[in-house]
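The values are calculated or read from the model by the stated rules, or taken from the named source; none is laboratory data. Since this is a predicted model, take the numbers as computed values, not measurements. Note that each Cβ is placed from the backbone with ideal geometry, even for glycine, and that neighbours are counted across all protein chains shown. Each accessible area value is taken on the protein alone, full model and side chains, heavy atoms only, with ligands, DNA and RNA left out. Shrake-Rupley method; radii C 1.70, N 1.55, O 1.52, S 1.80 Å.
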Amino acid sequence: QSFKLLGFLDVKSVPCARESVLYGSVGSFVVGLGHFLATSRVRRSCDFAVGGFICTMLGYWFYCRYNLAQQRIRQRMLKEAMRNKILFEGSSFDPERKQTANERSDS
């Protein structure tokens, strides 16, 4: 069973959504409690807690999505390199293959 936050964000299947909500709630608690301990103003502390939730959640969301995109790029590059390694292994296009004197004179 899926859990939809605000009716549209499926926290279970969207990458980084669960962690963003959890870090946002922790950030909300820390900012709200910190502001309350500093000022003893309840309503203003709740406002700061909501702001802390939004900032922390969005900050971690972008950080996590950026890392996920970087990981996918690295996986794609590795997959392509493995495909090329299998394709060119043992041929004259293999960069790891040592050229003999005979092959050097042909080129």
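Across the options V50, G24, A38, the greatest Cα extent toward the positive end of the charge dipole of the range 15-87 (unit charges at beta carbon of Lys, Arg, Asp, Glu) belongs to G24.
Taking the convex hull of the Cα atoms, report for the range 15-87 its projected area averaged over all directions, in nm². Don't jump to the answer; show the numbers that get you there.
Working: hull surface 21.1 nm².
Over all viewing directions, the range 15-87 projects a mean Cα-hull area of 5.3 nm².
Using the 1.4 Å probe convention, the accessible area of the range 15-87 works out to 77 Å² per residue with neighbouring protein chains retained. Given a 1.4 Å probe and the protein chains as shown, Y63 ends up with an accessible area of around 130 Å².
Computed with a 1.4 Å probe on the full set of protein chains, the accessible area for K85 sits at about 80 Å². Expressed as a whole percent, the accessible area of the range 15-87 that falls on carbon and sulfur atoms is 67 (1.4 Å probe).
Largest first, the residues V31, V42, V11 sort by 1.4 Å accessible area into V42, V31, V11. Sorted largest first by accessible area at a 1.4 angstrom probe radius, with every protein chain in place, the residues S13, S91 fall in the order S13, S91.
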